[in-house]
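The values are calculated or read from the model by the stated rules, or taken from the named source; none is laboratory data. Being a predicted model, the structure only gives us computed values, none of them experimental. Positions of Cβ are backbone-derived with ideal geometry, glycine not excepted, and every protein chain shown enters the neighbour counts.
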Amino acid sequence: MPAPTPTPLHPVIAFIGGGNMASAIIGGLTSQGHPASRIEVVEPWDQARAALRERFGIEAAATPGPQLARAALIVWAVKPQTFKEAALAAAPHTGAALHLSVAAGITTASIAAWLGSERIIRAMPNTPALVGRGMTGLFAGEAVAAEGRALAERIVATTGQWLWVDTEDKLDAVTALSGSGPAYVFLFLEAMIQAGTDMGLTPAQAHQLAVATFQGAAELAARSGEAPEVMRQRVTSQGGTTHAAITHLQAQQVPAHFVAAMRQAQARAQALAAEFGG
C-alpha cells in the first residue's frame, strides 16, 4: 500500500481512542487551525463519540475501517490493557501510517508486532495537556525518519512542551516523573488545603492560596537558572516558619518516601509491558 500523501500543513490524523488525552490533542490541533474534516477518530463508547461530535464536530466511528487508510499519522490513545485488541482490529487499515502511542508501558516491539510496522513513536504526556500546559516525553524507533519526528513534535506542541529521550526504557522514568506527576501535585494541594482549613481559613481561601502558590513557585523555578535546592535554601531562614515546616518534613523522611513512591510508578510502568505487551 502506498503511503498517504498528506497536505503540507494539515495531514490526516486518526485517533484510536477518543477520551481525555485524545480530546486534549484534538482541541490543540483545531485551535491552531487543523480542520476537523482531516481528523478521524475511532471510539467504541457512545458517550465519548457524542462528546467529540458536540465539541469538535467530528463524527467518530465505533470500529476501525477503511477510513483509517488515508491517515498519515495514527495516534494510539487507548489504555494499555486494550491496546493489543485495538491494534489487531485496526492493523489492516494502518500499514502506511506513522504511529504515535500515548499508552504507558507498551513497548515499540509489542506495537510493531501487532501492527506490522516499525514506524512507531512512543509518547508519555500528562493531564495538563488538557489546558495546553502539558509535558510530554518522546521516543522514536529507528525506522522513524526526521520528518516523522517533526510531525510528532507538531502534534505534541499543541498541548504544551516536549522532550526526546534516547532510549525507550527512559520513558518509564518520564512516566514516573511527569506522567504521574500531576497526581502528586494534587495530593500536596489536598494536604495544603486541609491544613489551611484546619487553621481557620475557608476552603475557598485555602484552595486559592494553595493553587496560586504552586503556580507561582513553578513559574519561578522555570524562569530561574538556579537549582531548586538553592531556591529552597534561600527562602528557608534558620529558625523561621519555613524552616520549621521543612525540618519536620525532612525528619519524617518525606523526600525519601517521595522518591521511593516514584520508583514504584516506574516499576509499574515496566510491569505493564510484561502484563499487556504479549
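Do we find a residue being under 22 Å from the mean Cα position of the chain (by Cα), assigned to a helix (DSSP H, G or I) and exposed (fewer than 13 other Cβ atoms within 10 Å of the Cβ) anywhere in the range 208-217? Yes, the conditions are met somewhere in the range 208-217.
Going by the structure shown, is Arg53 among the basic types (Lys, Arg), touching a Gly at 6+ places or on another chain (Cβ under 9 Å) and either part of a helix (DSSP H, G or I) or within 21 Å of Val144 (Cα to Cα) (or both)?
On the way: among the basic types (Lys, Arg): yes; touching a Gly at 6+ places or on another chain (Cβ under 9 Å): no; either part of a helix (DSSP H, G or I) or within 21 Å of Val144 (Cα to Cα) (or both): yes.
When the stated conditions are applied, Arg53 does not pass them.
Only one entry in Leu171, Leu138, Leu151 is outside the structural domain of Val78 (by TED's automatic domain parsing) and over 30 Å from Ala212 (Cβ atoms), namely Leu171. The residues of the range 254-278 that are modelled with pLDDT of 95 or more, more than 15 Å from Ala176 (Cβ to Cβ) and surrounded by 11 or more Cβ atoms within 10 Å (Cβ to Cβ), listed by number, are Val254, Pro255.
May I ask you to list the residues in the range 70-90 that are closer than 24 Å to Val156 by Cβ and aliphatic (A, V, I, L, M)? Once the filter is applied, which keeps residues that are closer than 24 Å to Val156 by Cβ and aliphatic (A, V, I, L, M), the range 70-90 yields Ala71, Ala72, Leu73, Ile74, Val75, Ala77, Val78, Ala86, Ala87, Ala90.
When you check Ala91 against the structure, is it surrounded by fewer than 20 Cβ atoms within 10 Å (Cβ to Cβ), under 22 Å from Arg122 (Cα atoms) and touching a residue at least 24 places away in the same chain (Cβ under 8 Å), yes or no?
Working: surrounded by fewer than 20 Cβ atoms within 10 Å (Cβ to Cβ): yes; under 22 Å from Arg122 (Cα atoms): yes; touching a residue at least 24 places away in the same chain (Cβ under 8 Å): yes.
Criteria met by Ala91.
Arg49: of a type in the set (Lys, Arg), farther than 26 Å from Ala271 by Cβ and in contact (Cβ under 8 Å) with a residue 40 or more places away in the chain, yes or no?
Working: of a type in the set (Lys, Arg): yes; farther than 26 Å from Ala271 by Cβ: yes; in contact (Cβ under 8 Å) with a residue 40 or more places away in the chain: no.
The answer is no for Arg49.
Restricting attention to the range 63-87 and to residues that are closer than 15 Å to Ile39 by Cα and of a type in the set (Gly, Ala, Ser), the residue that is surrounded by the fewest Cβ atoms within 10 Å (Cβ to Cβ) turns out to be Gly65.
So, in the range 231-252, how many residues would count as being part of a helix (DSSP H, G or I) and more than 19 Å from Phe214 (Cβ to Cβ)?
If we filter the range 231-252 for residues that are part of a helix (DSSP H, G or I), which is where we start, we get 231-234, 241-251.
Add one more test, that the residue is more than 19 Å from Phe214 (Cβ to Cβ), and what stays is 233, 243-244, 247-248, 250-251.
Adding up the residues that qualify gives 7.
Criterion applied to Lys79, Lys84 was being at pLDDT 95 or above, among the basic types (Lys, Arg) and under 23 Å from the mean Cα position of the chain (by Cα), and the one residue passing it is Lys84.
In the range 188-197 there is no residue that is of a type in the set (A, V, I, L, M, F, W, C), in contact with a Gly (Cβ under 6 Å, 6 or more places away or on another chain) and either under 20 Å from Ala267 (Cβ atoms) or outside the structural domain of Thr30 (by TED's automatic domain parsing) (or both).
Screening the range 56-83 for residues that are touching a Phe, Trp or Tyr at 6+ places or on another chain (Cβ under 6 Å) and assigned to a helix (DSSP H, G or I) and picking the one that is nearest to Thr107 (Cα to Cα) gives Pro80. Mind checking whether some residue in the range 231-251 is among the small types (Gly, Ala, Ser) and within 30 Å of Met124 (Cα to Cα)? There is no residue in the range 231-251 that is among the small types (Gly, Ala, Ser) and within 30 Å of Met124 (Cα to Cα).
If a residue must be part of a helix (DSSP H, G or I) and either surrounded by fewer than 20 Cβ atoms within 10 Å (Cβ to Cβ) or in contact with a His (Cβ under 8 Å, 6 or more places away or on another chain) (or both), how many such residues does the range 7-50 contain? Give the derivation first.
Quick first cut of the range 7-50, residues part of a helix (DSSP H, G or I) only: 20-31, 36-38, 46-50.
Next, only the ones that are either surrounded by fewer than 20 Cβ atoms within 10 Å (Cβ to Cβ) or in contact with a His (Cβ under 8 Å, 6 or more places away or on another chain) (or both) stay: 20, 27, 30-31, 36-38, 46-50.
Going through the range 7-50 one residue at a time, the tally reaches 12.
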